[in-house]
Amino acid sequence: MATDTLDAALGRLEQALSRVEGAIAHQTDRNGGAGHELASLKARHRKLKDTVAQELRQLDLLLASLPK
């Protein structure tokens, strides 16, 4: 149950990030550059997001194994 809630929250964060990335890409197109910087930031974000998601899953498993 908690994993479903976590996955839903991560999904909402991903949707928000996609909207932000789209807005930044649109702004960058109008300003004529910064594509490399945006790509670097996207890669860093994906890595951080994956790490956080994995750590939250581990925390969820740990909490689920605690006696009630």
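Check whether at least one residue in segment 5-26 is hydroxyl-bearing (Ser, Thr, Tyr), at pLDDT below 90 and open to solvent by 70 Å² or more (accessible area, probe 1.4 Å), and report yes or no.
For segment 5-26, residues hydroxyl-bearing (Ser, Thr, Tyr), at pLDDT below 90 and open to solvent by 70 Å² or more (accessible area, probe 1.4 Å): present.
Kindly provide the set of residues from segment 59-68 that are in a helix (DSSP H, G or I) and open to solvent by 90 Å² or more (accessible area, probe 1.4 Å), ordered by number.
61, 62, 63
The values are calculated or read from the model by the stated rules, or taken from the named source; none is laboratory data. What you are looking at is a predicted structure, and each value in this text was computed from that prediction instead of being measured. Protein only, heavy atoms only, side chains kept; ligands, DNA and RNA dropped before computing areas. Shrake-Rupley method; radii C 1.70, N 1.55, O 1.52, S 1.80 Å.
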